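Scroll down for the structure; my scribbles are underneath it.
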Amino acid sequence: MSSLNRKIEIRLLWLLFPAQLIRSSQTPVESEIRLFVCVARSELMKRQSNDGKFMD
C-alpha cells in the first residue's frame, strides 16, 4: 500500500472514528498507532478475502 493511500485512510479513520475513542489515548502518538493498526488489519482482511490465503 502506498504512503499516500495510507495517509488518506488514516484521515478517513480520523473522521469516522468517535472523537472520544481517540481522546482516550494517552498521547497523539498512541492514537496514531491505534489507527495504523486498524488500517493494517483492514488491509490484511481485504487481502485475505481477495486471495483466500494469508499474505505477509
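From ILE33, ILE10, grab the single residue that is modelled with pLDDT under 75 and of a type in the set (A, V, I, L, M, F, W, C). Talk me through it step by step, then tell me what you get.
Working: ILE33 fails: modelled with pLDDT under 75.
Residue meeting the stated conditions: ILE10.
Take the stretch 20-30 and flag every residue that is modelled with pLDDT of 70 or more and surrounded by 12 or more Cβ atoms within 10 Å (Cβ to Cβ).
If the condition is that a residue be modelled with pLDDT of 70 or more and surrounded by 12 or more Cβ atoms within 10 Å (Cβ to Cβ), then GLU30 is the only one that fits.
The values are calculated or read from the model by the stated rules, or taken from the named source; none is laboratory data. Just so we're clear, the structure is a prediction, and the values are computed from it rather than from any experiment. Every residue, glycine as well, gets a Cβ built from its backbone with ideal geometry; the counts of neighbours run over all protein chains shown.
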